Amino acid sequence: MIILLVGSGGREHALAWKIAQSPLVKRLVIAPGNPGMVKLGELRTGVKADDADGLAALAREIKADLVVVGPESALEKGLADRLAAAGIPCFGPTRKAAQLETSKAFSKGFMERHEIPTAGYGVYERLHEARQALDVFKPPYVIKADGLAAGKGVAISPDRRDAEAEIERMLGGRFGSAGSRVVIEEFMDGEEGSLFALCDGERAVLLGGAQDHKRAFDGDMGPNTGGMGAYSPAPVFTPELVEAADRLVVQPTLKGMVAEGAPYRGVLYVGLMATADGPRVVEYNARFGDPECQVLMMRLDGDVVPYLLACAQGDVSGLPGLPFRDQTVICVVMAAKGYPDSPLEGSIIRGAGQDFGPHVQVFHAGTRRRDDGQLVAAGGRVLNICAAGDDIVQARERAYAAIRKIDWPGGFWRTDIGWRAVEREQATS
Ligand code: AMP
Ligand code: GLY
C-alpha cells in the first residue's frame, strides 16, 4: 500500500513510526513531516498540513491507497471531501463531520439534539447578552471561543469580573474570527480523561483512554496548552466508565451524525469528565490527541494500518478489538521556554537522537535541522519523550531518565506527568 500521512507534530511522528512497521505498507509519504521522521518515510516539506488542495494533489500524484490525516486544520478545509471526490480513502472526517471539533456551537447543539450528556450552555454574539447570561450560570464560569483556537480558547473564571473581562477579550478579537461567538458553560466537576474510538461512519472500535496534562507547569498550574504530557492506560477509565461512555456518548454520536447526514469517519476523540452522575462530554475532537496519540501508538500491539484503512473504507465490522500491551506508557513533552505564549525559536538541542534503549521512543514535534546538521527548536512543543513500563512509576522513571540525557538549555518540561495515577498506585501499594 501507498500511504500519505498529513502533519508534522509529535502525534504524526508516532503515527509514522507505527505505520512504517506495517508489512502492508510499501511506501509512506509524509507532508510536511518533521526531522524526526526522515528515516520512516519520504518527506514533502513543501506541502503544508492545512493546504487541502496541495495535499489532495499529492495524494493523486503518489496514487495513495490511503490518506491518514493528523491535524484538524486540513479537515476543516475539506481535505476529506476532496479525497472522497477523487475516490481516495481518507482516515479523517469530512468538513461537515469535523464540525464536532471545529465549532463548539455545533457540537453543543448536536449533543443537545441527541441527548448526549454534557454541560448546560449558551452561545452569544453580543457583549451585553453574554454579560447578562452570567446571571444564569454559577461560578466558576467557563467561557469558550466558538471556533478553533489551538486548545487555548477556554477560560475558567473564578468570579464574575474575570468572566466579563474574558468575554470582552474573546468577542474583542483575541482569537480572530474563532472568537466571533462565545459559549458560556456550566462548570463540571470531576476527573478528566480522553477516550478514543476509530470510526467507520457507523461503527466504532474503541482505542481506550488516556489522560493528558493541559496546564504548562507542575501542579496543573499556569496557562492552558495543547498538552504537556500524557499516559495510558489512565486509571480514571474503569471498565464501567468506558462502557457508559460507549453507550451514552460514542454510539449516540455515530448514530446522530448519520441522522444529520454527516457520518463520522476517522478517530473520534471524546474529552470526558467523570462526574458523580457519570461521564459527560467536555469536548469532541476530530483527530487524535497530541500527546495522547503517542502513548496509544506505543501501547498498541500489532498493526494499526488495517484499522485505519477499514475506517476510511467504511467497514470495521470484520476486525477484532485492538490488542494492547499490558504496560503503561507515558509521554513527557519538552517545550521551548516561553511556550505557550511566545516560545523561543532556534535554541540548540543535543542528544535527542541517541539510543535510549528498548523502552523509550523520542518523537519530534517543533524541531528543525539547520544547514550544519544541528537540531534546533522550531515551535512550542518540541520533543516528546515516551517510555513504557510495567506500571506508571517505572514508565515515568524511564522517561525522566531519558530527559536527563538530553542537553537542551532552551527547553522546559513538567516533572509531574502522571501524578494522579502515581498517587493512586502509591495509595494501593
Ligand atoms: P476544551 O478546549 O473545551 O477541552 O476545554 C479546555 C479545558 O477546560 C478542558 O480540558 C477542561 O479542563 C476545562 N473545561 C472545559 N469545559 C469545562 C466545563 N464545562 N467544566 C469544567 N471544566 C471545563
Ligand atoms: N492533548 C489535547 C489535544 O490534543 O487536544
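The values are calculated or read from the model by the stated rules, or taken from the named source; none is laboratory data. Source: prediction; values computed, not measured. Note that each Cβ is placed from the backbone with ideal geometry, even for glycine, and that neighbours are counted across all protein chains shown. Accessible surface areas use protein heavy atoms only, side chains included; no ligands, DNA or RNA. Shrake-Rupley method; radii C 1.70, N 1.55, O 1.52, S 1.80 Å.
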Would you mind checking the stretch 409-427 for residues with the amide N under 14 Å from a putative spin-label position 7 Å along Cα→C-beta of M221? 414-416
Dipole magnitude (debye, nearest 20) for the stretch 287-359, charges at Cβ of Lys, Arg, Asp, Glu: 160
Multiply the residue gap between Q374 and D407 by 0.36 nm, knock off their C-alpha separation, and tell me the result in nm, one decimal place. 10.6 nm
Among F187, V267, V68, pick out the residue whose Cα is farthest towards the positive end of the charge dipole of the chain, where Lys and Arg carry +1 and Asp and Glu carry -1 on C-beta, about the Cα centre. V68
Going by average Cβ neighbours within 10 Å, how do the peptides 381-389, 108-116, 214-222 rank, with the highest at the top? 381-389, 108-116, 214-222
What is the antiparallel percent of DSSP beta bridges lying wholly in the chain, to the nearest 5? 80
Per the C-alpha gyration tensor (a ≥ b ≥ c, the square roots of its eigenvalues), the stretch 360-424 is rounded if a/c is under 1.5, else prolate if a/b beats b/c, else oblate; here it's prolate
Normalised by the number of residues in the stretch 64-161, what is the relative contact order in percent for Cα pairs under 8 Å and 6+ residues apart? 19
Carbon and sulfur together cover what percent of the accessible area of the chain at a 1.4 Å probe radius? 49
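How much net charge surrounds K77 when only other residues with a Cβ under 11 Å from its Cβ are counted (Lys, Arg +1; Asp, Glu -1)?
Numbers: positive: K48, R82, R95; negative: D50, D51, D53, E72, E76, D81.
Charge balance near K77 sits at -3.
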Among G318, G256, Q294 - extreme Cα towards positive end, dipole of the stretch 221-359, charges at beta-carbon: Q294
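How far, in nm, would the chain grow between M1 and E345 when pulled straight, counting 0.36 nm per residue and subtracting the alpha carbon separation?
Details: separation 344, 0.36 × 344 = 123.84 nm, distance 3.72 nm.
Taking M1 through E345 to full extension adds about 120.1 nm, to one decimal.
Shape call for the stretch 1-74 from the C-alpha gyration tensor, a ≥ b ≥ c root eigenvalues: rounded (a/c under 1.5), prolate (a/b greater than b/c) or oblate?
Taking the square roots of the gyration eigenvalues as a ≥ b ≥ c, the stretch 1-74 is oblate.
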P(r) for the stretch 277-429: what percent of alpha-carbon pairs falls in each 10 Å bin, starting at zero? 10, 31, 33, 21, 5, 0
Efficiency by 1/(1 + (r/R0)^6): what FRET value for H114 and D355, r their Cβ-Cβ distance, R0 = 60 Å, to the nearest 0.05? 0.75
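Determine the per residue accessible area of the chain with all protein chains present and a 1.4 angstrom probe, expressed in square angstrom.
On the way: 17340 Å² over 429 residues.
It amounts to 40 Å² per residue over the chain.
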Alpha carbon Rg of the chain, scaled by the compact-globule rule 2.2 N^0.38 Å: 0.94
With springs only between Cα atoms under 10 Å, which of R82, R350, R95 fluctuates most in a Gaussian network model of the chain? R350
The chain: relative contact order in percent, alpha carbon pairs under 8 Å with at least 6 residues between: 16
Sorted largest first, the C-alpha extents of the stretch 73-148 along its principal axes in whole angstrom are 51, 26, 18
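Using every Cα-Cα pair within the stretch 205-262, state what percent have a distance larger than 19 Å.
Roughly 51 percent, once rounded to a whole number.
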Please compute P(r) over all alpha-carbon pairs of the stretch 240-304, binned at 10 Å starting from zero, and give each bin as a whole-number percent. 18, 43, 34, 4
Separation in nanometres of the label points that stand 7 Å from Cα toward Cβ, at A85 and T238: 5.0
Filter on K108/K138; K48/K255; K18/K63; K18/K255 - keep pairs with C-alpha separation over 25 Å: K48/K255; K18/K255
